[in-house]
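Let me begin by presenting the structure, written as structure tokens, before commenting on it.
The values are calculated or read from the model by the stated rules, or taken from the named source; none is laboratory data. In this text, all values refer to a predicted model and were calculated from it rather than measured experimentally. For neighbour counting, all protein chains shown are included, and Cβ atoms are generated from backbone atoms with ideal geometry for every residue, glycine included.
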């Protein structure tokens, strides 16, 4: 039982990181009908940005803040204006193809321009281990889970409790009606892309100390976040949290009790089971989207 609880709590920390990346999927889909298959690379790039700032002498917290600013510009504004806006009028498929190509280009650009080798990354949390009722939990797992869950809850509160957040949701539900009501639709959509960029930078500072900064670190993370978003419900931001936690915990349990070789297949198996019995996801709702 002790081993199970230890694996469970460790899985919560990993799953919360998946939830951050999955929340980006759901936000972009709800606000603009965009699926970004470069989401994993959107986490990888801020990690290397932070490495660059650290090499320049910036402390970790300041490096994170600077990478957030750059991410909003590059992964928010530039991505929206350079990729999504020109292709949006042609439908979903060109955007999907473009983001897949973008993910490949980003991986190869980092490998060629920076390094193909994994790089160590400083930990945001102290390197301590706590023993609670026989269960060993690291400060990193606790800090990662609390920080990630706090970000998810703050994002949800912003969407539900603020005027800007409600305007963003209005745009997600009906763009034409929101425009008639005087909402600046392009600005609200940009805010969604900016929030996605910030969440990706936060995921980077949490996941990179454990998995190291690698040019291909985003491939697996992006796939699992995408599955987590669908498992929880692609049109429900709370579903991203549920899906991420389910994937993270089940991965740990499968690796310990079945085989580590099957760990990366867990998200796919859960995804297939969920869409067979509940295609809209565990917390998702059946909606009609105007096209």
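Quick one: which of 213, 229 is at pLDDT 90 or above, touching a strand residue (DSSP E or B) at 6+ places or on another chain (Cβ under 6 Å), on the phi < 0 side of the Ramachandran plot and buried (at least 20 other Cβ atoms within 10 Å of the Cβ)?
On inspection, the qualifying residue turns out to be 213.
Assess whether residue 165 counts as being free of Cβ contacts under 8 Å to residues at least 60 places away in the same chain, over 17 Å from the mean Cα position of the chain (by Cα) and on the phi > 0 side of the Ramachandran plot.
Taking the combined requirement at face value, the residue does not satisfy it.
Condition check: over 10 Å from the mean Cα position of the chain (by Cα), in a helix (DSSP H, G or I), farther than 11 Å from residue 221 by Cβ and free of Cβ contacts under 8 Å to residues at least 60 places away in the same chain. Does residue 53 satisfy that?
yes
State which residue is nearest to residue 24 (Cα to Cα) when the search covers only segment 160-191 and only residues that are modelled with pLDDT of 85 or more and not in a helix (DSSP H, G or I).
Checked segment 160-191; the qualifying residue nearest to residue 24 (Cα to Cα) is 162.
Could you check how many residues of segment 168-198 are in contact (Cβ under 8 Å) with a residue 24 or more places away in the chain, surrounded by fewer than 18 Cβ atoms within 10 Å (Cβ to Cβ) and within 27 Å of residue 67 (Cβ to Cβ)?
The total comes to 0.
What's the number of the only condition in (1) in contact with a helix residue (DSSP H, G or I) (Cβ under 7 Å, 6 or more places away or on another chain); (2) within 30 Å of residue 8 (Cα to Cα); (3) touching a residue at least 24 places away in the same chain (Cβ under 8 Å) that residue 125 fails to meet?
So the condition that residue 125 fails would be (3).
Identify all residues within segment 29-53 that are modelled with pLDDT under 90 and on the phi < 0 side of the Ramachandran plot; write none if there are none.
29, 30, 31, 32, 34, 35
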